[in-house]
Amino acid sequence: SSRCLGRYDQLVGDLDRLLRLKPNDAEAWVNRGSGRRIASDFSGALRDARQALRRAPRSADARILESEALRNLGHVQEAEGAASRAVEARPAYGWGYVVRGKARRQGGDLEGALADFRRAARLNSRDAKARGWEADALRKLGHLEAAAAAADKAITLEPSCAWAVALGGEIDRELGRVKEGFEKTRRAVDLDGNCSCAYDFLGADPPSVR
């Protein structure tokens, strides 16, 4: 599919055609909005999320998309509220807690964010992203040893996740494990040549912005 191959412009075009045929398909609105968000069209993603919610007011996926788009647009309190409604709709769905945690993190509520990331990790012990966000929150709170342990769990769960590997490298460096940290950061670049966080840690720009 277009989405699996990363061709998000084509994905959006395919869904444009589907929505002309099935304008009441809430899932299609969410999928098109997700493609728009990945392509950095956050306003378009928000419009699509709200179109989906008009058709399926209890859709947790639509609420999650709404929250992510609002957060990307800087509307952090609204983003947290939308994510809370996603959690209410599907309380056993871990990703809703991750999305609310990201909104809380951006709003400065690191303890609240950490609680959400940990809740998500308890709901799905195989979720590398939840563990990675847990590591990020612990790092920002100054709990570096616990952050390193959470980052290592994320890397074990998803060794190809460049962001988690780069984050683990930076935590290692902050703990004084400079060699280990540098090796992880270089590995993140090998995994994803445009991993901006890895280049941030290396003090350089990724090739895409040079």
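A few points about this structure:
- Residue-count net charge about residue 88 - beta-carbon cut-off 15 Å; Lys, Arg +1, Asp, Glu -1: +2
- Cα-centre dipole for the chain with unit charges at Cβ (Lys and Arg positive, Asp and Glu negative), debye to 20: 640
- The listed peptides 31-38, 64-71, ordered by packing as a protection proxy, come out as 64-71, 31-38 (highest mean of other Cβ atoms within 10 Å first).
- Cα gyration tensor, segment 29-101 - rounded (a/c under 1.5), prolate or oblate: oblate
- Relative contact order for the chain, counting Cα pairs under 8 Å that sit 6 or more residues apart, in percent: 9
- Couplings 3J(HN,Hα) of segment 43-57, computed from phi: 5, x, 4, 5, 4, 5, 4, 6, 5, 4, 5, 4, 8, 9, x Hz, in residue order, whole Hz [Karplus 6.51 cos²θ - 1.76 cosθ + 1.60, θ = phi - 60°; x for Gly and Pro].
- Taken one residue at a time, the phi angles of segment 172-185 give Karplus couplings (6.51, -1.76, 1.60, θ = phi - 60°) of 4, 5, 5, 7, x, 8, 5, 4, 4, x, 5, 4, 5, 5 Hz. Gly and Pro are set to x.
- Lysines with Cα under 30 Å of residue 153, excluding same-chain neighbours fewer than 8 positions away: 102, 129, 140, 179, 184
- At 0.692 mPa s and 37 °C, Stokes D of the chain from Kirkwood alpha-carbon radius, µm² per second: 183
- Across segment 73-184, the relative contact order, built from alpha-carbon pairs under 8 Å that are at least six residues apart, equals 16 percent.
- Using θ = phi - 60° and Karplus 6.51 cos²θ - 1.76 cosθ + 1.60, couplings along segment 58-75 (whole Hz; Gly, Pro as x): 9, 6, 5, 5, 5, 5, 5, 4, 4, 4, 4, 5, 4, 5, 4, 8, x, 8
- Taking N as its residue count, the alpha carbon Rg of segment 143-194 over 2.2 N^0.38 Å: 1.01
Since every read-out is calculated from the coordinates, none of them should be taken as a lab result. Everything quoted here is computed from the prediction, not taken from an experiment. Positions of Cβ are generated from backbone atoms using ideal geometry, with glycine treated the same way; all protein chains shown enter the neighbour counts.
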